[in-house]
Amino acid sequence: MFLLVLRRSGPEYDHSKGLREQSGFDEHADFMDALVDDGFIVLGGPLGDEVRTAHVVEAESERAIRETMARDPWSESHLVVDSIDPWTILLDGRVTA
């Protein structure tokens, strides 16, 4: 099942700095890259407002996502979960017949 996860900047995210200049960025990036390698995150990245991020996740439940995201070094400090919604994908331009 695919779920759409929206996360928002947390209290330790410094908006005067760029994404890669944030404290603990390398550890966060390594964690997120591992989630992609594991097939947990299908698509993801910051939205245009640079306050929110969106991730398309393949997981069994919202609980599984919350437990996984809680292990992120940025969890609750630089990023907090705003919402998790099931997503039924009816259109996919990447699929070829």
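The values are calculated or read from the model by the stated rules, or taken from the named source; none is laboratory data. Computed from a predicted structure; not experimentally measured. Methodologically, a virtual Cβ is constructed for each residue, glycine included, from the backbone with ideal geometry; neighbour enumeration extends over all protein chains shown.
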Checklist line | Subset of region 43-64 that is in contact (Cβ under 8 Å) with a residue 12 or more places away in the chain and hydrophobic (A, V, I, L, M, F, W, C) - its residue that is surrounded by the fewest Cβ atoms within 10 Å (Cβ to Cβ) | finding: L43
Checklist line | Conditions (1) farther than 20 Å from M1 by Cβ; (2) modelled with pLDDT under 95; (3) of a type in the set (D, E, K, R); number of the one not met by E76 | finding: (2)
Check: In region 1-41, how many are modelled with pLDDT of 95 or more, outside any helix (DSSP H, G or I) and surrounded by 13 or more Cβ atoms within 10 Å (Cβ to Cβ)?
Finding: 15
